[in-house]
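As structure tokens, the structure follows; a few thoughts come after it.
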Amino acid sequence: MADIAIIGASLAGLRAAEQLRRAEFGGTITLVGDEPHAPYDRPPLSKQVLAGEWSPERTVLADADKLSELNLVTRFGVRATGLNLASREVEVDDGEPIRFDGLIIATGARCRAIETDGLSHIFTLRTIDDAKAISAAFDESPARVAVVGAGFIGAEVAATARQRGLDVTLIEALPVPLGRVLGDEIGAVCGDIHREHGVDLRLGCGVERFVGDDQGRVSQVQLSDGSTVDADVVIVGIGVAP
């Protein structure tokens, strides 16, 4: 009987495992994920979870009973570090390699980052743990929020932070928010909606550097147009890489 390894325990990896069982595959399926959590849904993290409307647990896609029903070997909190096609093994960071007859790579994407000079309270939002950390930072006082990048994640985080009553500055290097995906006309409408809700929208300027206080926490964002933004919390949403 064949063994299948699925690397990536998010939505795609879980759906692949479900489809294999629906197709009556009876072999071993090993589901490997570098996060310690069972598969969960990511889109609510920047909206309902960050707003405090949902508990993080509500995003779970497969609880222990569901995973048991699928008869999966789960390896959560384990990072795949290498692939040996000759021996058909996935190298992992916690012990013996995982042998496979079939392999599904569903590792998704990672957030693009910018230099933070080691300052705290600068976040990206990709995981449940990211959402928890950002929410906790929002609860601190004061909490002036700067969001770098006005794509979908940045725009959603900015809207959610305003919903929580925080002062928000949304920084975008392009002249129109969401212009690449929605076009300039609709992107401009989205920008106007943010302004109407009290977001300070800074367009056509990038981040030069972050400035911190004597505690090593971010306190200011210096922009390429020479202006500055005071911020206690920064969320960087400048896209992802595979």
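The values are calculated or read from the model by the stated rules, or taken from the named source; none is laboratory data. Bear in mind the structure is a predicted one, so any value in this text is a computation, not a measurement. Methodologically, a virtual Cβ is constructed for each residue, glycine included, from the backbone with ideal geometry; neighbour enumeration extends over all protein chains shown. Accessible surface is based on the protein model in full, side chains and every heavy atom, while ligands, DNA and RNA are left aside. Shrake-Rupley method; radii C 1.70, N 1.55, O 1.52, S 1.80 Å.
Pairing each residue of the stretch 227-238 that is of a type in the set (S, T, N, Q) with any residue that is part of a strand (DSSP E or B), provided the two are 6+ apart or on different chains, yields C-beta distances under 9 Å for S227/R202; T228/V211; T228/Q220; T228/V221; T228/Q222. The lone criterion from (1) touching an Asp or Glu at 6+ places or on another chain (Cβ under 8 Å); (2) modelled with pLDDT under 95 left unmet by E115 is number (1). Looking only at residues in the stretch 64-78 that are assigned to a strand (DSSP E or B) and under 21 Å from the mean Cα position of the chain (by Cα), the one that is surrounded by the most Cβ atoms within 10 Å (Cβ to Cβ) is R75. What do you reckon, is E89 open to solvent by less than 70 Å² (accessible area, probe 1.4 Å) and either over 29 Å from E172 (Cβ atoms) or of a type in the set (K, R) (or both)? Yes; evaluated as a whole, the condition is true for this residue.
Would you mention how many residues in the stretch 21-63 are assigned to a helix (DSSP H, G or I) and either open to solvent by 20 Å² or more (accessible area, probe 1.4 Å) or under 21 Å from I105 (Cα atoms) (or both)?
Count: 8.
Within the stretch 39-63, being among the charged types (D, E, K, R) and within 17 Å of the chain's Cα centre (by Cα) holds for D41, R42, K47, E57, R58.
Looking only at the stretch 49-78, residues that are touching a strand residue (DSSP E or B) at 6+ places or on another chain (Cβ under 8 Å) and among the aromatic types (F, W, Y) come to 1 in all.
Residues in the stretch 79-131 that are more than 30 Å from V157 (Cβ to Cβ) and outside any strand (DSSP E or B): L85, A86, S87, R88, D93, D94, G95, E96, P97, F100, D101.
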